[in-house]
Each structure stands twice: as C-alpha cells, then as structure tokens.
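Okay, so here's the structure we're looking at.
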C-alpha cells in the first residue's frame, strides 16, 4: 500500500499552488490587459499569490475556484473578503457548510451585481 506522509502532501499542495498561480498570472495578462500594462508582471504575480492565499483560507483549492476568486479580487480589491463595502463576501466565504465551488458561484454573482450597480451609478 502506498502511503503519503503529511510532509509529502504539503509539498504536493505547495507545488500545485505555484503551478496554479502561474496559470492564473497568464490569464490576467490575457483577460485584464489594462491591469497587466499598468502593474507589470511582478506586481500581478504578487497580487495573484496573495489572492490565492486568501482563497485557500476559505477552502478553495481547485484551479477554477482560485481563478474566479482572483478575478473578483481584481474587480473589487484584494481585501474584498473583509471590506466593509462588501459584507456579503465575508458571510459567504466563511460559511462552514457551503462547498468552495458554491462559494465562488455566489461571490461571482454578487460581484457582478455590484459592478453593474456601480456602472449604472457612474452614468
């Protein structure tokens, strides 16, 4: 029987986290070209690492969930999960029963609503 020690599992998770962050950085370059041009690669990489770390504290580990979380952080700010302007974010993300995929579905829906409302208010 194959056994994976906790230290080995931690190393695997760390490697996947680094790999996923690299993929997400590439997606930021493609999907957020204005931010990429303004910030440059080093700042985008740092932002993605921080956002991924924050997402992981809310139980997110899949590439899809991490990517969606980073996109919301780019749209609303890195600290949207604790920002008083978005109290719903902390409530949703700290729900102990909700699965990570459901959390990202809900925060994306709410973020879209906020961005639509802000867009209407700016007109």
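Laid out as a table, the results:
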quantity	calculated
Subset tally (residues that are more than 16 Å from the chain's Cα centre (by Cα) and part of a loop (DSSP other than H, G, I, E, B)) for the stretch 79-102	6
Test: residue in the stretch 33-52 that is surrounded by 19 or more Cβ atoms within 10 Å (Cβ to Cβ), touching a helix residue (DSSP H, G or I) at 6+ places or on another chain (Cβ under 9 Å), modelled with pLDDT of 95 or more and farther than 23 Å from residue 15 by Cα	no
Neighbours by Cβ (under 9 Å, 6+ apart or cross-chain): first from the stretch 90-110, touching a residue at least 60 places away in the same chain (Cβ under 8 Å); second buried (at least 16 other Cβ atoms within 10 Å of the Cβ) and outside any helix (DSSP H, G or I)	none
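Residue by residue, here is whether (1) part of a loop (DSSP other than H, G, I, E, B); (2) within 18 Å of residue 108 (Cβ to Cβ); (3) within 11 Å of the chain's Cα centre (by Cα) holds:
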| site | (1), (2), (3) |
| --- | --- |
| 17 | no, no, no |
| 22 | no, no, no |
| 25 | no, no, no |
| 28 | no, yes, no |
| 34 | no, no, no |
| 43 | no, no, no |
| 54 | no, yes, yes |
| 60 | yes, yes, yes |
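The values are calculated or read from the model by the stated rules, or taken from the named source; none is laboratory data. Quick caveat: nothing in here was measured; it's all calculated off a predicted structure. Cβ coordinates were reconstructed from backbone atoms using ideal geometry, including for glycine residues, and neighbour counts include every protein chain displayed.
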